[in-house]
Amino acid sequence: MNHFGEEIDRRNTGSYKWDVKENELPMWVADMDFKTCPAVLEALEKRVAHGVFGYSIIPDEWYDAYIGWFERRHSLTIEKDWLIFTTGVIPAISSAVRKLTTPAENVVVLTPCYNIFFNSIYNNGRNVLECPLKYEDGAYSLDFEDFEKKCSHPQTTMLLLCNPHNPTGIIWSKEELAKIGEICEKHGVIVVSDEIHCDITLPGTAYTPFLSASPICENTGIALIAPTKAFNIAGLQSAAVCVKNEKLRRKMWRALNTDEVAEGNVFACDVAIAAFNNGEEWLNDLNCYLAENRAYAEKYIEENIPELYAVKGKATYLLWIDCSRLNISSDTLAELIREKTGLYLSEGCEYRGDGKNFLRMNLACPRTRLEDGLQRLKNAIDMIK
């Protein structure tokens, strides 16, 4: 039995998320308040019991685990040679930006988007070229005319794609991804697709891997995949870069190795193998619990906080909340909510685009904690409006 309703005290454990004041409730950074699945814990315990923690290789079982999972779960056929171990999705993104583009070139980002993308671009002397998503009737879509305009710019050489999309919860369709790939290939733009949230979707809702959307996508894209978000093991630093195109893969391999982010720690491979080979039932249960949390939060906001609107996302455990009716910028709003109630949410301004009108709430917690957070949100809005 999975105990997703169990409240685990994460204070004083070195948790980045929970490094807050005693009266504060953090519902911001994308890290779950659940224990990881029993299979991962068992693998860690076995490794620790061995007692020797020397340098590690990447075993065949690691490749097999990824290949089996993506074939079984996402109908994507991956060959062993396509996979490269890396310590994390963000290190891989930074390496790709640094080694596959040159300074002052443009990297397109579909905004609002995961804010750390901007760090990877700016820190390496490249330009962020925003392609704002259209927001109409409470839903987002990609303006392909504007997207092609941005990709056709002579200085544009890369697209950082979030698939599924953080923070909006969009699952891009196969047709949309194929069109993205076609436009990028036409204009010589490399697609780096961050797919770390791919396993967190509403039950019965599948995502399409960028590499499976079309032959063009398969040959021009770089996919970044990992078990870390879905199984709450981000602190163990284990991910993979998947590239079919041999020339592009060799460049990516060189990028990761010269940046020294292609060597695992003694736990990195074991946890991925355990999660992918033995964690599927646990993940199915998790997605059901998260779907119930999402439905509860959407209904609560609709019935109790009419000033706000929860965007109906189909992926991630992040709720994107429209606060535009309050006419308060989200950075100011988030600060006021935290000051008045202790509820710590992510300010949408960080994600660019129309983020100034939004807050992001992490739903991956026991229901009692979610209820507390939503009540605090209501109290704050009642005081502010």
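The values are calculated or read from the model by the stated rules, or taken from the named source; none is laboratory data. Predicted model only: the values in this text are computed from it and were never measured. Please note: Cβ atoms are built from the backbone with ideal geometry, for glycine as well, and neighbour counts cover all protein chains shown. With ligands, DNA and RNA removed, areas are computed over all heavy atoms of the protein, side chains included. Shrake-Rupley method; radii C 1.70, N 1.55, O 1.52, S 1.80 Å.
Restricting to the range 204-227, name every residue that is of a type outside the set (Val, Ile, Thr), open to solvent by less than 40 Å² (accessible area, probe 1.4 Å) and part of a loop (DSSP other than H, G, I, E, B).
Listed by number, the residues that qualify are Tyr207, Pro209, Ala213, Ser214, Ala226, Pro227.
For the subset of the range 356-372 comprising residues that are in contact with a Cys (Cβ under 9 Å, 6 or more places away or on another chain) and crowded, with 24+ Cβ neighbours inside 10 Å, which member is farthest from Asp31 (Cα to Cα)?
Phe358
Please enumerate the residues belonging to the range 337-355 that are open to solvent by less than 50 Å² (accessible area, probe 1.4 Å) and either closer than 17 Å to Tyr114 by Cβ or of a type outside the set (Ser, Thr, Tyr) (or both).
Residues satisfying the conditions are Ile337, Gly342, Leu343, Leu345, Ser346, Gly348, Cys349, Tyr351, Gly353, Asp354, Gly355.
Test Asn115 against the criterion of being within 21 Å of the chain's Cα centre (by Cα), more than 19 Å from Ser238 (Cα to Cα) and surrounded by fewer than 21 Cβ atoms within 10 Å (Cβ to Cβ), and give yes or no.
yes
What are the residues in the range 235-259 that are open to solvent by 10 Å² or more (accessible area, probe 1.4 Å) and either of a type in the set (A, V, I, L, M) or assigned to a loop (DSSP other than H, G, I, E, B) (or both), if any?
Hits for the range 235-259 are Leu236, Gln237, Lys244, Asn245, Leu248, Asp259.
I'm trying to understand the selection: among the residues of the range 319-333, which are buried (at least 23 other Cβ atoms within 10 Å of the Cβ) and in a helix (DSSP H, G or I)?
Hits for the range 319-333 are Ser330, Leu333.
Test Trp282 against the criterion of being in contact (Cβ under 8 Å) with a residue 12 or more places away in the chain, assigned to a helix (DSSP H, G or I), open to solvent by less than 60 Å² (accessible area, probe 1.4 Å) and on the phi < 0 side of the Ramachandran plot, and give yes or no.
Yes; evaluated as a whole, the condition is true for this residue.
Tell me the residue from Ala230, Ala262 that is in contact with a Leu (Cβ under 9 Å, 6 or more places away or on another chain), more than 20 Å from Ala30 (Cβ to Cβ), surrounded by 15 or more Cβ atoms within 10 Å (Cβ to Cβ) and small (Gly, Ala, Ser), please.
When all the criteria are applied, what remains is Ala262.
Suppose we keep only residues that are assigned to a helix (DSSP H, G or I), touching a residue at least 24 places away in the same chain (Cβ under 8 Å) and of a type in the set (A, V, I, L, M, F, W, C) within the range 285-318. Which one would you say is surrounded by the most Cβ atoms within 10 Å (Cβ to Cβ)?
Among residues in the range 285-318 that are assigned to a helix (DSSP H, G or I), touching a residue at least 24 places away in the same chain (Cβ under 8 Å) and of a type in the set (A, V, I, L, M, F, W, C), the one surrounded by the most Cβ atoms within 10 Å (Cβ to Cβ) is Leu286.
Residues of the range 349-385 being more than 21 Å from Met32 (Cβ to Cβ) and either among the hydrophobic types (A, V, I, L, M, F, W, C) or in contact with a strand residue (DSSP E or B) (Cβ under 8 Å, 6 or more places away or on another chain) (or both), which ones?
If the condition is that a residue be more than 21 Å from Met32 (Cβ to Cβ) and either among the hydrophobic types (A, V, I, L, M, F, W, C) or in contact with a strand residue (DSSP E or B) (Cβ under 8 Å, 6 or more places away or on another chain) (or both), then Cys349, Arg352, Gly353, Asp354, Gly355, Asn357, Phe358, Ala380, Ile381, Met383, Ile384 are the ones that fit.
Looking at the range 334-363, I want the residues that are under 25 Å from Tyr140 (Cβ atoms) and in a helix (DSSP H, G or I) and have a partner that is acidic (Asp, Glu) and open to solvent by 10 Å² or more (accessible area, probe 1.4 Å) with Cβ atoms under 6 Å, at least 6 apart or on another chain. Which pairs are those?
Matching pairs, first to second residue: Ala334/Glu347; Cys349/Asp331.
Could you figure out which of (1) closer than 25 Å to Leu133 by Cβ; (2) among the acidic types (Asp, Glu); (3) over 19 Å from the mean Cα position of the chain (by Cα) isn't true of Glu246?
Here Glu246 clears every test but (1).
Among (1) within 30 Å of Val192 (Cα to Cα); (2) open to solvent by less than 80 Å² (accessible area, probe 1.4 Å), where does Arg72 come up short?
So the condition that Arg72 fails would be (2).
Is at least one residue of the range 119-138 of a type in the set (Val, Ile, Thr), open to solvent by less than 20 Å² (accessible area, probe 1.4 Å), within 27 Å of Ile170 (Cα to Cα) and modelled with pLDDT of 95 or more?
Yes; the residues of the range 119-138 include at least one that is of a type in the set (Val, Ile, Thr), open to solvent by less than 20 Å² (accessible area, probe 1.4 Å), within 27 Å of Ile170 (Cα to Cα) and modelled with pLDDT of 95 or more.
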